[in-house]
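Taking it in order: structure first as structure tokens, then the write-up.
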Amino acid sequence: MDDRTQDPPSVGGSEPTHGGPEHWAGKLAVPTARGVVLIAHDRIVRLEADGSYTLIHLAEEKPMIVSRNLGELLSQLPAHKFYRCHHKHAVNLNLLSEAVQTDGARVIMANGHTVSVSRRRWPMLVAAIRRM
């Protein structure tokens, strides 16, 4: 079974005494020059590859650039929420507003961003949407 499809461990309703992995459930740990920033999954609208860097597009905020490739970041995110729809793009399925297949496949996100979907990945995207 793919580790990305498993639910994060439950913390039993109590707050951990330190910022260990239990505290990070539902968050992406992103390295920065000052340390690590934890970003809640539901704040991430989409991820965009740019060589060995990735732009993290957040809801109602400026994009954040990190020095990790898209595949590395996706391996830390739940597969049932995030889908790689193109070599360069991954989207948060919970923030998807519309999937369109006219004049090229694309998705429109809740924030209005339009993201291309490769022809090869379109059927799998539709299946992922139906499973939600």
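FYI, it's all coordinate maths here, none of it is from the lab. The shown structure was predicted, so the numbers you read here are calculated from the model rather than taken from an experiment. Cβ placement follows ideal geometry from the backbone for every residue including glycine, while neighbour counts extend to all protein chains displayed.
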Could you please rank Asp50, Asp103, placing first whichever residue has the fewest other Cβ atoms within 10 Å of its Cβ? Asp103, Asp50
Per-pair calculated FRET efficiency, R0 = 25 Å: Gln101 and Ala25 via Cβ, rounded to 0.05: 0.10
Fewest to most Cβ atoms within 10 Å: Leu70, Leu58, Leu95, Leu38 sort as Leu38, Leu58, Leu95, Leu70
Eigenvalues of the alpha-carbon gyration tensor of region 23-131, times 5 and square-rooted, give semi-axes in Å, largest first, of 24, 14, 13
